[in-house]
Ligand code: NAD
């Protein structure tokens, strides 16, 4: 039996960081990222710290603005408007989830599409689906980049994505279409999900349920990407059961698979935003 290949996020991310360093060397300016965080949700604190750290390590300008969890929505929108107009800021990211009194949609729509490094603004969502240039969500971008790094062909392949969130599943489907894959987008209402999953030559799982996907859901030889991050008894578990390694040809570990790629793509998006804004590629 051949061994299942592990698709390692850190290795693929390092390759991307190398490319970004090359690009940065050629630029007459330093791209800058601004992250806004409300409240002290421990996961958000940790994610924001990591983003800031990676940005600095890469040589970007990075700053984090921390606000109390009860910051009024209008105050947040005003700050975003200021940052939209700040020539010295290339990328703006408001860490999600936001407190319940704030309408997330309003906030995401307030960020200039040119600085929207999370790729959640409706203009960028539209550009993703219409085939144009834009800023696209980091996690699905990271999945595509990871698969390409390991030479996984997508063109014409049967790909099933499980999960239809705006952050992962839907943009994942859009990006895979752009790669000429044949895409099925499955979700909580899909009938006979295991059978649908078994169609996949490449299976991407982004649900948030520990070990949902079992061995018999996976077509022998399939490539399996586990986006899930579930904290169970202090451990991080994916959405894919480890027994899947017995049938898959390649699999992403959790942690160490998609996670590092998400952060790396945020850096790539910051550099891209800086270039798009200066060269007017959105015209
Ligand atoms: P979400 O809760 O917004 O969406 C989950 C999706 O899964 C929904 O579309 C729902 O239809 C579907 N779903 C729920 N239960 C299902 C079931 N039993 N069968 C089939 N589909 C089901 O979550 P999300 O933001 O898309 O995140 C999904 C997972 O990915 C989470 O574990 C999250 O922590 C993880 N995540 C990881 C990264 C990373 O960088 N590694 C980034 C974002 C999200």
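Can you list the strands (runs of 3 or more DSSP E) lying wholly within region 210-283 that have 2 or more residues being over 14 Å from residue 143 (Cβ atoms) and over 16 Å from the mean Cα position of the chain (by Cα)? First the steps, then the outcome.
Values: elements: 223-226, 230-232, 235-237.
In region 210-283, the matching strands (runs of 3 or more DSSP E) lie at 230-232, 235-237.
Only one residue in 218, 223 is within 17 Å of residue 261 (Cβ to Cβ), touching a residue at least 12 places away in the same chain (Cβ under 8 Å) and more than 8 Å from the ligand (Cβ to nearest atom). Which one?
Result: 223 is the single residue among 218, 223 that is within 17 Å of residue 261 (Cβ to Cβ), touching a residue at least 12 places away in the same chain (Cβ under 8 Å) and more than 8 Å from the ligand (Cβ to nearest atom).
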> From the list 199, 235, which residue is without any contact (Cβ under 8 Å) to a residue 40 or more places away in the chain, farther than 18 Å from residue 7 by Cα and either more than 9 Å from the ligand (Cβ to nearest atom) or out of contact with any helix residue (DSSP H, G or I) (no Cβ under 8 Å at 6 or more places or on another chain) (or both)?
Replying inline: 235
>> Among the numbered criteria (1) within 9 Å of the ligand (Cβ to nearest atom); (2) buried (at least 24 other Cβ atoms within 10 Å of the Cβ), which one does residue 240 miss?
In response: (1)
> If the Cβ limit is 7 Å and pairs must be 6+ apart or interchain, which residue in region 90-105 that is without any contact (Cβ under 8 Å) to a residue 40 or more places away in the chain pairs with which residue that is part of a helix (DSSP H, G or I)?
Replying inline: 101/73; 103/73
>> Every residue in region 1-32 that is over 22 Å from residue 257 (Cβ atoms) and in a helix (DSSP H, G or I), please.
In response: 21, 22, 23, 24, 25, 26
> Residues of region 142-168 being within 21 Å of residue 218 (Cβ to Cβ), within 15 Å of the ligand (Cβ to nearest atom) and in contact with a helix residue (DSSP H, G or I) (Cβ under 8 Å, 6 or more places away or on another chain), which ones?
Replying inline: 143, 144, 146, 160, 161, 162, 163, 164, 168
> Would you pick out the residues in region 184-196 that are near the ligand (Cβ under 8 Å from one of its atoms) and in contact with a helix residue (DSSP H, G or I) (Cβ under 9 Å, 6 or more places away or on another chain)?
Replying inline: 186, 187, 190, 193
>> Yes or no: region 72-90 includes at least one residue that is within 16 Å of the ligand (Cβ to nearest atom) and on the phi < 0 side of the Ramachandran plot.
In response: no
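Quick check, is residue 244 over 23 Å from residue 167 (Cβ atoms), in contact (Cβ under 8 Å) with a residue 12 or more places away in the chain and in contact with a strand residue (DSSP E or B) (Cβ under 7 Å, 6 or more places away or on another chain)?
So residue 244 fits the description; yes.
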>> I'd like to verify a number: residues in region 145-168 that are crowded, with 23+ Cβ neighbours inside 10 Å and not in a loop (DSSP other than H, G, I, E, B), how many?
In response: 6
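Read-outs throughout are calculated quantities, based only on the coordinates presented, and are distinct from any laboratory measurement. Note that the coordinates shown come from a computational prediction; the quantities given were computed from them, not determined experimentally. Cβ: placed from backbone, ideal geometry, glycine included. Neighbour counts: every protein chain shown.
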